[in-house]
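Just so it is clear, none of the values below were taken in a lab; they were calculated from the coordinates. Quick caveat, the model's predicted, so the values are computed rather than measured. No Cβ is skipped: glycine too gets one built from the backbone with ideal geometry, and neighbour counts run over all protein chains shown.
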Amino acid sequence: MLYMFLLYADPNADWPPDIIERHLAVYREARARGAYVSSEALGAPTGAKTVRVRNGRPHTTDGPFAETKEVLGGFYVLDCRDLDDALVFAAKIPDAGVGAVEVRPVVRVPDWPYVDTPPRERHPMQPPR
């Protein structure tokens, strides 16, 4: 079963110097178990925009939807046996130690065209503040 792991943390937190290596360890374990589907890091909320359509007109504002100390910083999608297996993986994701990892099931949408997507260019990573 597919689960999405949403990674939340305070962008001003003191990050462990080995944070990337710790993420790579989770990635390698998930790949070895055949659970890895995808993962990505997200840019800072300072570069985010929120779009709402009201009365047929789009309205754009700066930043994320809500004021919060923790921000969404990335995600994993893993194929786990069940929720218990997903929770074991969540505890291994380093963001759980400086923020939180939300685990949510990925649901099947009837008639959705599920297909592989080609590689896409990503933005350069910005250093944390």
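Total residues in the stretch 72-105 satisfying the condition of being hydrophobic (A, V, I, L, M, F, W, C) and over 13 Å from the mean Cα position of the chain (by Cα): the figure is 8. Among the numbered conditions (1) touching a His at 6+ places or on another chain (Cβ under 8 Å); (2) loosely packed, with under 11 Cβ neighbours inside 10 Å, the only one that Ile93 does not meet is (2). Quick check on the stretch 60-81. Is at least one of its residues surrounded by 15 or more Cβ atoms within 10 Å (Cβ to Cβ), among the hydroxyl-bearing types (Ser, Thr, Tyr) and under 22 Å from Arg108 (Cβ atoms)? Scanning the stretch 60-81, I find at least one residue that is surrounded by 15 or more Cβ atoms within 10 Å (Cβ to Cβ), among the hydroxyl-bearing types (Ser, Thr, Tyr) and under 22 Å from Arg108 (Cβ atoms), so the answer is yes.
Among the strands (runs of 3 or more DSSP E) confined wholly to the stretch 14-129, which include 3 or more residues that are under 13 Å from Met4 (Cβ atoms)? Please lay out each step first, then the result.
Numbers: elements: 36-41, 49-54, 57-62, 71-79, 99-105.
Fully inside the stretch 14-129 and qualifying: 36-41, 71-79, 99-105.
Filter the stretch 15-52 down to the residues that are surrounded by fewer than 11 Cβ atoms within 10 Å (Cβ to Cβ), among the aliphatic types (A, V, I, L, M) and either farther than 18 Å from Ala90 by Cβ or touching a Lys or Arg at 6+ places or on another chain (Cβ under 7 Å) (or both) and list them by number. Selection gives Val51 alone. Counting the residues of the stretch 91-117 that are touching a residue at least 24 places away in the same chain (Cβ under 8 Å) and of a type outside the set (A, V, I, L, M) gives 8.
For Val88, the criteria (1) over 25 Å from Arg120 (Cβ atoms); (2) in contact with a strand residue (DSSP E or B) (Cβ under 8 Å, 6 or more places away or on another chain); (3) of a type in the set (Val, Ile, Thr) hold in every case but one, which is (2).
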